[in-house]
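Here is the structure we will look at, set down as structure tokens.
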Amino acid sequence: MEKYAGPINLAEAKIAENLPRLIDKALELAEGVTVQEIDRKGEAQIYTRPPDREAIKYLIDRLAGKPTERVEVDDLSSMSDDELIAALSRIGRGSGEAAPDSAELAPDDELS
């Protein structure tokens with residue numbers, strides 16, 4: 001990912017700079033918005049969109065943290081060390097917690 005480090009840093013800076021405005025927009029969507037569009041005849045059409053479920057979910061997850069998700073694993077004993085570490089990494093990203101690095105796992109460590 002080092003290849004994209006520069007563009008990612010620029011994008012993160014732009015998002016951070018606009019974060020208060022973006023959160024305000026997410027709050028508006030979460031509450032529902034009135035929209036005015038011009039139809040093909042050039043006439044204004046005004047309607048109300050209901051609260052946006054994804055905006056609500058984002059705001060709640062942002063404040064309270066993303067709920068844990070159940071992950072099913074068939075058989076850990078058949079996984080190689082690399083497969084096990086990759087699975088733990090995916091689980092860690094999903095829960096917001098850092099997963100152990102391969103250097104942190106000793107060969108005799110038990111995983112629970």
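Show me the ranking of peptides 39-48, 15-24 by mean Cβ neighbours inside 10 Å, starting with the highest.
15-24, 39-48
Taking amide hydrogens as modeled 1.01 Å from N in the peptide plane, which residues meet the under 5 Å criterion relative to Val33, leaving out close sequence neighbours?
Hits under the 5 Å cutoff: Arg49.
Give the Debye-formula value of log10 I(q)/I(0) at each listed q (0.19, 0.21, 0.24 Å⁻¹), with one equal scatterer per alpha carbon of segment 1-65, two decimals each.
-0.85, -0.90, -0.97
Every number in this text was worked out from the coordinates using simple rules, so none of it is lab data. Please read all numbers here as calculations on a predicted model, not as lab measurements. Using ideal geometry, Cβ is built from the backbone for each residue, glycine included, and neighbour counts are taken over all protein chains shown.
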